[in-house]
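For reference, the structure is listed below as structure tokens.
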Amino acid sequence: PACRFTACALCAKFGAMSRALGFERGSLRLPCAYCHGPFLVSLLAFVLAPPGRAARLYVEDDPVAILGGDTLKQTVRNSSTAWLVQFYSSWCGHCIQYSPTWRALAGDVKDWELAIRIGVLDCAHERNFDICKEFEIHFYPTFRYFKAHASVDELGKTYRGANRELQTVRQLMVNILQNHTRQDWPVHCPPLGPARSDDILALMGKTAEQYTALIVEDEDSYVGREVILDLVPYRGLTVRRALSSDKAITEKLRISTAPAAYLFYPNGSHGALDVPKRQRFFFSSFLKLLPGVRRKQTASVQDPVHTLNKGDEATMKDWKEFDRSKVYMADLESGLHYLLRVELASHHTLEGEELVAFKDFVTVVAKLFPGRQPVVKLLETLLEWLTSLPLEKIPYDAILDLVNNKMRISGLYLTDHVQWVSCQGSSMTLRGYPCSLWTLFHILTAQAAQRPDALANTALEDDPQAVLQTMRRYITTFFGCQECGKHFEAMAKESMNSVKSLDEAVLWLWRKHNQVNSRLAGAMSEDPVFPKTQWPTPDLCPTCHEEQNGLHVWKEDMVQVFLKKHYSAANISPKYSSKLEQLDIKAPPAPGSMDKAPLNNQGTEGDKQAHEDLPKKGKRSDPKDTMEEARNSQRDPRPGVNFLGLGFSSVDMSLCVVLYAFSCLFLMLMFFFFRIRSKRWKIKHSRPYV
Ligand SMILES: Cc1cc2nc3c(=O)[nH]c(=O)nc-3n(C[C@H](O)[C@H](O)[C@H](O)COP(=O)(O)OP(=O)(O)OC[C@H]3O[C@@H](n4cnc5c(N)ncnc54)[C@H](O)[C@@H]3O)c2cc1C
């Protein structure tokens, strides 16, 4: 088939570029494989990726401190300044959209950094998985503030306000500072409370070494405190504030409107400050330009900013060619890895609603995911374990032990690296996990429609909304992008209950996904190489589209057929997936292996390593190797195996088995003993009645 630039959404989007390259709009015929395929994608990625978007969300040049797993604690704990840190995720659309505000805020309060600093930490970076878990970051963005001199186990306080406008957060910073006590007050932060009238009036007519500026303002105004903080890095001047309700000051200085600024000169003279507008910027700028007022020559605050790793840049060199008409197992497994080992792992324990949501999720995935054997077996084992232990509260570490196969059960494995293929983005901050999550749930709805009996005996079998409701619970309970969760919940509330069949469930999710696509089109989280379109595009499914009275309409019966085929097991490509064919058991990742994981989200290096490791660990069939391993395991200095987070040693496990066998034998013996005795007793005491 061929497509014209005009008829193709992707090409239309890049029509300008094509014209710039010398192609006439509508005149160029290209085979679709080229139009939408890897060639064009790579070409567009190369040509269009703007330099700023090819890196992480925040870069060294930004006025924020880029924190990481290795610097966060030492930076924010026992610091001479307070900290406000945004824990974000580079795949979270809201974090992407919020980043200009955060950057602008950091620039706006740059002069405050001797009192309070702004930081960021990317929880989607493999290097930071552990620290985000330790700091219990469940949603993105999470704003945590740390007082100065915070203790060594401080996890910070979360700002939960819905308003994240620049001015609101700036005022929050002022409040954070004012919440300090005299003992833990940040070393270089001047007093922020209103000055006593006696102290101010005593300045009148007195010579001094430096200026004193007084901002007179209403009680709810922040201008005075903001000006005080703006002038922190300047010498030759002290800034104080007074309230307009302080009549002693306002009457003596003849101040009738607030805010107002008053200046006491070093030579003893004084007078009102004459600025064009009574606003923070005008007050601060005027004061900074006073003769004799200079920036302090202090060494800049010790900067914990990370030098960006080389692996963070330029993902295009790791570009993987792929076919848009296929689904990739590597995306699905990477998504499951991220979901089970990172997103859920930020929850220390699962109980109540969370546990129910998790159990339902595992049930649906274990029963419907058309994955590779070791992954499915892992999910089934997890499900079996969850259903056999009717616990009300489960420590997530126990689940992680199972996911990491700490018991070394043969044939269980889930990749421990991300490897995005059709979910890869033109930059590290784009696509990836949320793309894989959508894909996973489309697969699950399609599978449920194709195999209606798959959920038999799970208590979910008779519910046509089973997959959708499970997804809904997962998204609202665990999905790190809280705003996305809220939007999804609103859509679910509106119409999910109207879904009456498994086929309708497939279409409902497709419709809602397209609704999200349309809302996000043109947003900052949109990957320019993968613009948000109404999907499937005509090149993928020509029969899904129709025009009626000049208007585009979907042929939903065709879309239904297409979705079931596109998201069928047969359409999942194993290309780029981690190699499993020789795998029998996979040892748990070594402690700290997350830290050593590749720093780019393509995971190629890590996977190479994993591939190199596999044959060694997988050669179970060779008896010589098995013997050798058995001997090695005897030499293993580790006392035992950490089983489901309960810390059983292998001796404990052996004892359990012996005790179990012994108990069975004992019970059997007792059974036979009493049976024989009762028979004998019956014979002895039997009275034949006639
Ligand atoms: C439940 C949920 C809610 C979200 N809400 C928000 C939000 O409110 N704000 C925000 O900024 N981000 C949100 N996101 C993230 C956002 O939707 C994208 O996942 C993210 O921007 C990455 O986009 P993408 O280009 O990889 O394509 P995605 O939208 O992630 O799609 C992944 C793949 O699914 C296929 N696909 C696309 N559309 C459809 C469809 N209609 N039916 C079936 N398959 C389709 C395509 O092959 C596509 O490549 C949400 C994610 C999820 C999982």
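The values are calculated or read from the model by the stated rules, or taken from the named source; none is laboratory data. All values reported here derive from a predicted model rather than from experimental measurement. Virtual Cβ from ideal backbone geometry, glycine too; neighbours counted across all protein chains shown.
Taking (1) touching an Asp or Glu at 6+ places or on another chain (Cβ under 6 Å); (2) surrounded by 20 or more Cβ atoms within 10 Å (Cβ to Cβ) in turn, THR476 satisfies each apart from (2). Would you check if CYS435 is assigned to a loop (DSSP other than H, G, I, E, B) and either touching a residue at least 60 places away in the same chain (Cβ under 8 Å) or under 22 Å from the mean Cα position of the chain (by Cα) (or both)? Against the criterion (assigned to a loop (DSSP other than H, G, I, E, B) and either touching a residue at least 60 places away in the same chain (Cβ under 8 Å) or under 22 Å from the mean Cα position of the chain (by Cα) (or both)), CYS435 does not qualify. Number of residues in region 517-544 that are touching a Phe, Trp or Tyr at 6+ places or on another chain (Cβ under 7 Å) and either within 7 Å of the ligand (Cβ to nearest atom) or part of a helix (DSSP H, G or I) (or both) equals 2. Checked against the criterion of being outside the structural domain of ARG77 (by TED's automatic domain parsing) and surrounded by fewer than 17 Cβ atoms within 10 Å (Cβ to Cβ), the candidates THR168, THR207, THR238, THR212 yield just one match: THR207. Would you confirm whether or not region 111-130 contains a residue that is without any contact (Cβ under 8 Å) to a residue 60 or more places away in the chain and in a helix (DSSP H, G or I)? Checking region 111-130: not a single residue is without any contact (Cβ under 8 Å) to a residue 60 or more places away in the chain and in a helix (DSSP H, G or I). Among the residues of region 468-516, those identified as away from the ligand (no atom under 13 Å from the Cβ) and part of a helix (DSSP H, G or I) are GLN469, LYS493, GLU494, SER495, ASN497, SER498, LEU502, ASP503, GLU504.
Considering (1) over 30 Å from CYS92 (Cβ atoms); (2) surrounded by 15 or more Cβ atoms within 10 Å (Cβ to Cβ), the lone condition that LEU520 does not fulfil carries the number (1). If you filter region 82-110 down to residues that are among the polar types (S, T, N, Q) and in a helix (DSSP H, G or I), you find that the one that is nearest to LEU192 (Cα to Cα) is THR101. In region 500-507 there is at least one residue matching the filter, namely being surrounded by fewer than 14 Cβ atoms within 10 Å (Cβ to Cβ), assigned by TED's automatic domain parsing to the domain that holds VAL421 and charged (D, E, K, R). Of the candidates LEU382, LEU414, the single residue that is part of a helix (DSSP H, G or I) and of a type outside the set (Val, Ile, Thr) is LEU382.
Within this structure, ILE96 fails the test of being crowded, with 23+ Cβ neighbours inside 10 Å, of a type outside the set (Asp, Glu) and either within 16 Å of the ligand (Cβ to nearest atom) or under 26 Å from THR181 (Cα atoms) (or both). Only residues that are exposed (fewer than 15 other Cβ atoms within 10 Å of the Cβ), modelled with pLDDT of 50 or more and not in a loop (DSSP other than H, G, I, E, B) were counted across region 275-316, and they come to 4.
Working only within region 635-690, note down all residues that are surrounded by fewer than 11 Cβ atoms within 10 Å (Cβ to Cβ), of a type in the set (Ser, Thr, Tyr) and at pLDDT below 85. Within region 635-690, SER686, TYR689 meet the criteria. Which of the residues that make up region 137-166 are assigned to a loop (DSSP other than H, G, I, E, B), in contact (Cβ under 8 Å) with a residue 24 or more places away in the chain, within 24 Å of THR101 (Cα to Cα) and not small (Gly, Ala, Ser)? Hits for region 137-166 are ILE137, HIS138, PHE139, PRO141, LYS147, ARG164, GLU165. Residues of region 354-378 being within 15 Å of THR415 (Cα to Cα) and free of Cβ contacts under 8 Å to residues at least 40 places away in the same chain, which ones? Correct list: VAL376, LYS377, LEU378. Exactly one residue among THR381, THR387 is at pLDDT 95 or above, hydroxyl-bearing (Ser, Thr, Tyr) and away from the ligand (no atom under 16 Å from the Cβ), and that residue is THR381. Within region 440-467, the residues that satisfy the criterion of being more than 23 Å from the chain's Cα centre (by Cα) and within 12 Å of the ligand (Cβ to nearest atom) are THR445, ALA446.
Look at region 407-424: where a residue is of a type in the set (Phe, Trp, Tyr) and a partner is more than 14 Å from the ligand (Cβ to nearest atom), sitting 6+ places away or on another chain with Cβ atoms under 6 Å, you get TYR413/PRO374; TYR413/LEU583; TYR413/LYS586.
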